[in-house]
């Protein structure tokens, strides 16, 4: 990001309008489409984890214990527990 002087960038009418709101301060002006993809959306990691978490939940629902899931997915019991509780809410939500 580079500092630019408003006198050199804005037309005089726009500069006067901006000066009505603030003077002598730095302002960040974002790009038009500054939307970045979220973590794992570009390479599919997020979707793979969502599928794995749903599988963990369904196996738990079918009767596997936390310990069995821990061994199968190589995760801690605390991680398994968090995944199950979080996924339970998603699977029981009619919007998903």
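All of the numbers you see were taken from the coordinates with simple rules; none came from a lab. Every value quoted in this text rests on a predicted model; they were computed, and no experiment measured them. Cβ placement follows ideal geometry from the backbone for every residue including glycine, while neighbour counts extend to all protein chains displayed.
Structure data summary
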{"read-out": "Residue of 57, 85, 28 that the Gaussian network model of the chain assigns the largest fluctuation, springs spanning Cα pairs under 10 Å", "value": "28"}
{"read-out": "Per-pair calculated FRET efficiency, R0 = 25 Å: residue 91 and residue 67 via Cβ, rounded to 0.05", "value": "0.70"}
{"read-out": "Enclosed volume per residue, in Å³, of the convex hull spanned by Cα atoms of segment 45-91", "value": "65"}
{"read-out": "FRET efficiency for residue 8 and residue 41, using Cβ-Cβ distance with R0 set to 41 Å, rounded to 0.05", "value": "0.60"}
{"read-out": "Estimated [θ] at 222 nm from DSSP helical runs (n ≥ 4, -39500 (n - 2.57)) normalised by residues in the chain, nearest 500", "value": "-17000 deg cm²/dmol"}
{"read-out": "Tail weight of P(r) past 19 Å, computed on alpha-carbon pairs of the chain, percent", "value": "63"}
{"read-out": "Relative contact order computed over the chain (Cα-Cα under 8 Å; 6+ residues apart), in percent", "value": "17"}
